[in-house]
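Q: Handing you this structure, nothing more for now.
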Amino acid sequence: MGEALYKAGDPAQPEAWQKPAELSRHLTFAREHPQVRGHVFFAAREVDADPIGAMARVVADHYQRSAKPPR
């Protein structure tokens, strides 16, 4: 699933995107859908820059263990 990290903290986006927890909420919602088997965060520069701490929140909430190698 493509995740729009680039929207986090962007003043042109709705109020929900001004909160660091919004992206984490998307991943929580995706857990209810077994067809979602992973996430891709756009764009790479936002992963590194971590706008408003959104990626740090995602890591804290959803990625506490190392990734499993592909099968």
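The values are calculated or read from the model by the stated rules, or taken from the named source; none is laboratory data. Fair warning: this is a prediction, and the values are worked out from it, not measured in the lab. All Cβ positions, even for glycine, are placed from backbone atoms using ideal geometry, and neighbour counts span all protein chains on display.
Q: What number of residues within the stretch 1-56 satisfy the criterion of being in contact (Cβ under 8 Å) with a residue 40 or more places away in the chain and among the β-branched types (Val, Ile, Thr)?
A: Count: 2.
Q: It is to be established whether one or more residues within the stretch 34-41 are of a type in the set (Lys, Arg) and at pLDDT 95 or above.
A: The first filter runs over the stretch 34-41 and keeps only residues of a type in the set (Lys, Arg), leaving 37.
Restricting the remaining residues to those that are at pLDDT 95 or above gives none.
Within the stretch 34-41, not a single residue is of a type in the set (Lys, Arg) and at pLDDT 95 or above.
Q: Can you name the residue in the stretch 36-48 that is aliphatic (A, V, I, L, M) and exposed (fewer than 14 other Cβ atoms within 10 Å of the Cβ) and is also nearest to PRO11 (Cα to Cα) among such residues? Please lay out each step first, then the result.
A: Let us first name the residues in the stretch 36-48 that are aliphatic (A, V, I, L, M), namely 36, 40, 43-44, 47.
Next cut, exposed (fewer than 14 other Cβ atoms within 10 Å of the Cβ) only: 36, 40, 43-44.
On the way: VAL36: 29, VAL40: 22, ALA43: 17, ALA44: 19 Å.
Per the stated criteria, the residue is ALA43.
Q: Which one is nearest to GLU3 (Cα to Cα) among residues in the stretch 42-66 that are in contact with a Phe, Trp or Tyr (Cβ under 9 Å, 6 or more places away or on another chain) and outside any helix (DSSP H, G or I)?
A: Here the answer is PHE42.
Q: Take the stretch 1-29 and flag every residue that is under 14 Å from ARG45 (Cβ atoms) and surrounded by 16 or more Cβ atoms within 10 Å (Cβ to Cβ). Can you show your working first?
A: At the first step, the residues of the stretch 1-29 found to be under 14 Å from ARG45 (Cβ atoms) are 4-10.
Those that are under 14 Å from ARG45 (Cβ atoms) and surrounded by 16 or more Cβ atoms within 10 Å (Cβ to Cβ): ALA4, LEU5, TYR6, LYS7, ALA8, GLY9.
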